[in-house]
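Below: one structure, written as structure tokens.
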Amino acid sequence: MDVDRFVCELASRERRAIGLCTIFATLANKAVLVGRNLDWIQRGGSIWFIPPQRLYGQMSLGLSLIEQMGTDRPYEGLNTAGLFVAMAAVADSPLPPAAPGARMNSLGLIRYVLERASSVSEALETIRAFRLDYMAEKQYPKLHYLIADPSGEVLIYEESVQERLFTLRDNDSVAITNLTYDSPYQCPRLDQVRTSLSEGQVVDLQSAGNLLMAVSQDGTIWSGAYDLGARVFSVWLERDYETAHTFSLEEHLSRGLHSVDFGTLRLPKWMAMQ
């Protein structure tokens, strides 16, 4: 059974909302490039740009977030150190048993890390301080995370299961979908991503977008491609891969705290079609 069918059957059986996301990181032409599809049941979203601010007596890092449920629970983000964090549902791994320790919302963890960590190693140290709340009582899924920085360090983190660290060299890559990293189940999306990356098909944001298009699903709400060193990213909305919305993190942070709603981005093209 392939992963997409497995996830859909699991979601139906357990009445849980599980998306079919894809995330990868690769090193090409000395640039660390990250791509992700967010496949989900809810359309829309906002991109937030949050300048550095004083938090508990220390200055945070500036960052961007993409969210649907508030800036305290984003799905992915990038900070001014070039650190990237994104989540994907993981369907074949049970929730970890209850354990003592400080609790952190599984989506809120993304912003918390981006505000404080400049590298993968700092991110891991930050994450280890918490036990995660996956909102299981509201039928949200367990998550795992891909975290990457401009030096080529990549972390696959799944609480109580693994902390898999990689150091990318030229044309190396790491990818996850919706199974735990060592899962025996087949995932055609993951196979396609790994093959394309191993063949060197992703060399810039546009080619990253092309791969995201190839593995997108009916429920893909957005695709994002990030150049971590340049702190630049492109977003394609609802599988409209003809229209890339490209942002410079530092340029947008210079404007102060603000957001860009997906509806605002889509409106010019919608108006042109009327």
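Per-structure values
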read-out: For the chain: accessible area per residue (Å², 1.4 Å); value: 44 Å²
read-out: Spin-label pair GLU137/ALA230, simplified geometry with 7 Å Cα→Cβ offset, distance in nm; value: 4.6 nm
read-out: Label-point separation in nm, GLU238 to THR264, each point 7 Å along Cα→Cβ; value: 1.8 nm
read-out: Dipole of the range 106-208, positive direction: furthest Cα of SER196, ILE127, LEU168, with charges on the beta-carbon; value: ILE127
read-out: Distance histogram for the range 27-79 (every C-alpha pair counted, 10 angstrom bins, percent rounded to whole numbers); value: 20, 41, 28, 11
read-out: Rg(Cα)/(2.2 N^0.38 Å) for the range 84-201, N = residue count; value: 1.09
read-out: Solvent-accessible area, 1.4 Å probe, carbon plus sulfur percent, for the range 16-82; value: 50 percent
read-out: Neighbour cut-off at most 11 other Cβ (10 Å), DSSP loop, GluC sites (Glu not before Pro), the range 185-274; value: GLU199, GLU242
read-out: Candidate aspartates and glutamates for bridging to LYS138, where Cα separation is under 14 Å - those fewer than 8 sequence places away on the same chain excluded; value: GLU14
read-out: For the range 209-274: rounded, prolate or oblate by the Cα gyration tensor [a/c cutoff 1.5]; value: oblate
read-out: Average silhouette area of the chain, convex hull of alpha-carbon atoms, in square nanometres; value: 14.5 nm²
read-out: Cα centre as origin, Lys/Arg/Asp/Glu Cβ charges: the range 82-234 dipole, Debye; value: 380 debye
read-out: Average silhouette area of the range 123-274, convex hull of alpha-carbon atoms, in square nanometres; value: 12.0 nm²
read-out: The range 177-274 - percent of accessible surface contributed by carbon and sulfur, probe 1.4 Å; value: 51 percent
read-out: Ratio Rg/Rh, restricted to the range 55-143 and using Cα atoms, in which Rh is the Kirkwood radius; value: 0.96
read-out: Distance (nanometres) between label positions extended 7 Å along Cα→Cβ at GLN217 and ASP170; value: 3.6 nm
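The values are calculated or read from the model by the stated rules, or taken from the named source; none is laboratory data. The shown structure was predicted, so the numbers you read here are calculated from the model rather than taken from an experiment. For neighbour counting, all protein chains shown are included, and Cβ atoms are generated from backbone atoms with ideal geometry for every residue, glycine included. Just so you know, the surface numbers come from the protein's heavy atoms only, side chains and all, with ligands and any DNA or RNA stripped out. Shrake-Rupley method; radii C 1.70, N 1.55, O 1.52, S 1.80 Å.
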